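Report on the structure given below.
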Amino acid sequence: KKRTKIKDILQLAEANVTVTVKGWVRTKRENKNVVFINLNDGSTINNLQIVGDPTKFDEATLKKITTGASLSVVGLLVASQGSGQKFELQADTIDVLGVADPEKFPLQPKKHSLEFLREIAHLRPRTNTFSAILRVRHSMIFAVHKFFHEKGFFNIHTPIITASDAEGAGEMFRVTTLDLDKLPKTEDGKVDFKEDFFEREANLTVSGQLEGELTALALSEIYTFGPTFRAENSNTTRHLAEFWMIEPEMAFYDLEDNMDLAEEMLKYLVTYALENCQEDLAFLEQRAKDEESTKKQEERSELSLLERLRFVADNEFVRLTYTEAIDILRNSNYNKKKKFQYLIDAWGADLQSEHERYLVEKHFKKPVILINYPKEIKSFYMKQNDDGKTVAAMDILFPGIGEIVGGSQREENYDKLTNRMKELDMDAESMWWFLDTRRFGTVPHSGFGLGFERLMLFVTGMSNIRDVIPFPRTPGNAEF
Ligand code: ATP
Ligand code: MG
Ligand code: MG
Ligand code: MG
């Protein structure tokens, strides 16, 4: 009576075997002579159709079989008469494991809005859309590790609690065991973290990069893939307060090596999805098409989801400098409406996702790697270029997403790095451990960060980042 997964049942070569299946009812139809139940167990997007003779089951049991109820069914697998599936199950016994009161169960068989489903994030994995996304998410996690493993990179766990602010962006969540009502104060009125657990201020990590650099300058090629926390104060469709980031860090890589690796990785991951998530992607593609059809003509994407994925897998990314990109924006038709004027008036502004998406979707119609950004808008650790104005940064921009990867060659020269820290009024002393790598056996090195949920947005064709992570953390949202 061992359970067989529906995925495995649908791949059997032959029918006429007795099997036990367990899962959740998606739909039930019945008349006097026959009852049809569509059962799903999450192992695949496909349901197994269960056929029963209503006279074989008592009425109370049949009544309990409603959408959302959980069942264990034993029966004979037979070739299916109808269209669609190869097999159906002729039920011999049906046990109702758990009922789902139709008056109260929110996921009735109809189309629910994504907004509504976000409010019931605890139940949404029971829908086709979210179970498909979660299976694709698993495949992508696996593919990330597979890619780096095959290239000989080592996976490093960098700390989640840290005292350092890698990005200097001040978007950190404080970690404390202090009683908030009785915070000890120093003489000048500041909270005295000496009395706290770590005996200093501690935060949730915003990036594993600095610790990644420390290990790369020993193991040559490493990557981290861990949770990252940023108190992003704006509600966008591209930012979460808790997201997962893939951060490779490589000794002996310059900016070009860095770009080559990032491009190869993105193509590998997208190709992996195309080859290994076919059924779920076919479902998500149809879902995306339905959503597109509700948009205005000019806002519709020219390519379907699978076409977009293939396009990235097959085409070389365009590489150009920030300054060249500004020139393109300045001369673009789009700028006739003066949309980009502020960028043009002052070289040095950061690009908004609107600009990034113009370059990718309208101008080049290809993924774009922008390099050599103004140093003022990038972090202190990036390698300073000889022009004195720019740093060896790279951002990879994707259609529908904007920035998906941010990276750079790192400044390996001790004097240049500490001078830059002084210019930025940073406390170099507290980062003695980081600077030690530049004092002892420094080498050119590079790395980047790929936002895992941004990749998931691209691969699934979803348009809100809250919908590609099981339990999104955004302002005001931490209940479950
Ligand atoms: P953005 O400009 O979109 O705010 P960023 O430049 O602040 O991103 P980085 O510090 O470069 O982000 O982080 C590396 C990558 O992590 C980004 O390219 C992006 O893919 C992802 N990322 C950054 N912030 C978030 C967030 N709040 N939620 C989800 N992914 C994020
Ligand atoms: Mg940001
Ligand atoms: Mg950015
Ligand atoms: Mg960035």
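The values are calculated or read from the model by the stated rules, or taken from the named source; none is laboratory data. Everything quoted here is computed from the prediction, not taken from an experiment. Glycine also receives a Cβ, built like all others from the backbone with ideal geometry; neighbour counts cover every protein chain displayed. Surface areas here come from the heavy atoms of the whole protein model, side chains and all, with no ligands, DNA or RNA. Shrake-Rupley method; radii C 1.70, N 1.55, O 1.52, S 1.80 Å.
Annotations for the structure displayed:
- In the context of the full protein assembly, His138 retains an accessible surface of approximately 110 Å², using a probe radius of 1.4 Å and ignoring ligands and nucleic acids.
- Legend: residue pairs Lys28/Lys56; Lys22/Lys146; Lys2/Lys64; Lys111/Lys289, Cα-Cα distance threshold 20 Å; pairs beyond threshold, Lys22/Lys146; Lys2/Lys64.
- For the chain, the membrane-span-like helices by this rule, meaning whole DSSP H stretches whose C-alpha atoms cover at least 24 Å of axis and whose Kyte-Doolittle mean is 0.0 or above, are 128-150; this says nothing about an actual membrane.
- Rounded FRET efficiency, nearest 0.05, which uses the C-beta distance separating Asn315 from Ser70 and R0 of 56 Å: 0.75
- Accessible carbon and sulfur surface of the stretch 84-154 relative to its total accessible area, %, 1.4 Å: 56
- Set of lysines with alpha-carbon distance to Lys383 below 24 Å, sequence-local pairs under 8 removed: Lys375, Lys416, Lys422
- Taking label points 7 Å from Cα along the Cα-to-Cβ direction, Thr18 and Arg439 give a separation of 7.5 nm.
- The stretch 119-264 shape via C-alpha gyration tensor axes, a/c threshold 1.5: oblate
- In plain terms, the chain from Phe480 to Ser304 could stretch by 60.0 nm, reckoned as 0.36 nm per residue minus the Cα-Cα distance.
- For Lys182, the aspartates and glutamates whose Cα comes closer than 18 Å to its Cα, not counting residues fewer than 8 places off in the same chain, are Asp192, Glu195, Asp196, Glu199, Glu201.
- The loop-placed GluC sites (Glu not before Pro) in the stretch 1-102, going by DSSP, that have at most 13 neighbouring Cβ atoms within 10 Å of their Cβ come out as Glu14.
- In the full protein context, the chain carries 50 Å² of accessible surface per residue, based on a 1.4 Å probe and ignoring ligands, DNA and RNA.
- Accessible surface of Ser43 - all protein chains present, 1.4 Å probe, nearest 10 Å²: 20
- Put simply, the amide H of Val191, placed in the peptide plane, has neighbours under 5 Å in Thr186, leaving out anything fewer than 5 places away on its chain.
- When only alpha carbons are used to place a centre, the stretch 447-469 and the stretch 56-128 end up 30 Å from one another.
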